[in-house]
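Student: I have a structure I would like to understand better, so I am pasting it below and will then ask my questions one at a time.
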Amino acid sequence: MQAELTYVKLGLAMVLAGLLFGIGLGVSFHKAGDAYKDHITSGLTAHPELHDDNSMGIIWRYSRRAHFHATGIAAFSIGLILLIMASSLKKRMKSITAFLIGLGSFYPLSLFTLFVLAPSMGRSGAHGFILTKLFTYIGVGGLLAGMFFLLANLFLGLFRD
């Protein structure tokens, strides 16, 4: 087990960092929820031309979705990494696959970026912002690529040791 863990440590560390981010958001909502809402309100007040009546609720939802996605993606990614450890993947492929799955932790950062930027840029501007797109593509692309390698090994016998 310890030897198998060696190959997936980087991916596992990324997943655990994503889990800590999600848990940290949840704790911060409890301890400083008003600060989140104040951030939104100040942006809406400073840039009313960028917002409509739904902006407050939608932007607040971005932060909650970041929390839910961070913890959810981390939970199933830990399971995927356990499957990688038990798979017949080559050692190098175990490392690559775990790393790619670990990249899935970037997707919740795109949602949090929307929350941070939308009050001052508007929802459309925040969606089009390069960092938001980068986090989305890295997170979703990495997770899908990692799952491809794992599933190709489990069901088709590819990339075997």
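Residue-wise test of (1) over 21 Å from residue 20 (Cβ atoms); (2) free of Cβ contacts under 8 Å to residues at least 60 places away in the same chain.
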| residue | (1), (2) |
| --- | --- |
| 58 | yes, no |
| 63 | no, yes |
| 67 | no, yes |
| 93 | yes, no |
| 101 | no, no |
| 113 | no, yes |
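Student: Can you tell me which of (1) farther than 26 Å from residue 146 by Cα; (2) not in a loop (DSSP other than H, G, I, E, B) is the one residue 74 doesn't meet?
Tutor: (1)
Student: Among the residues of segment 1-39, count how many are of a type in the set (Gly, Ala, Ser), farther than 19 Å from residue 59 by Cβ and touching a residue at least 60 places away in the same chain (Cβ under 8 Å). If you could, list the steps in order and put the result at the bottom.
Tutor: Narrowing segment 1-39 to residues of a type in the set (Gly, Ala, Ser): 3, 11, 13, 17-18, 22, 24, 26, 28, 32-33, 35.
From what's left, farther than 19 Å from residue 59 by Cβ: 3, 11, 13, 17-18, 24.
From the residues that got through so far, the ones that are touching a residue at least 60 places away in the same chain (Cβ under 8 Å) too are 11, 13, 17-18.
Residues that pass the stated criteria total 4.
Student: Which of (1) outside any helix (DSSP H, G or I); (2) loosely packed, with under 14 Cβ neighbours inside 10 Å; (3) not basic (Lys, Arg) is the odd one out, the single condition residue 158 does not satisfy?
Tutor: (2) is the only condition that residue 158 fails.
Student: From the list 39, 67, exactly one residue is surrounded by 12 or more Cβ atoms within 10 Å (Cβ to Cβ), under 15 Å from residue 112 (Cβ atoms), over 21 Å from the mean Cα position of the chain (by Cα) and not hydrophobic (A, V, I, L, M, F, W, C). Which is it?
Tutor: Numbers: 67 fails: over 21 Å from the mean Cα position of the chain (by Cα).
Testing whether each residue is surrounded by 12 or more Cβ atoms within 10 Å (Cβ to Cβ), under 15 Å from residue 112 (Cβ atoms), over 21 Å from the mean Cα position of the chain (by Cα) and not hydrophobic (A, V, I, L, M, F, W, C) leaves just 39.
We did not get these values from a lab; they are worked out from the coordinates using the rules stated. This one's a predicted model, so the numbers in the text were calculated from it and none came from an experiment. Methodologically, a virtual Cβ is constructed for each residue, glycine included, from the backbone with ideal geometry; neighbour enumeration extends over all protein chains shown.
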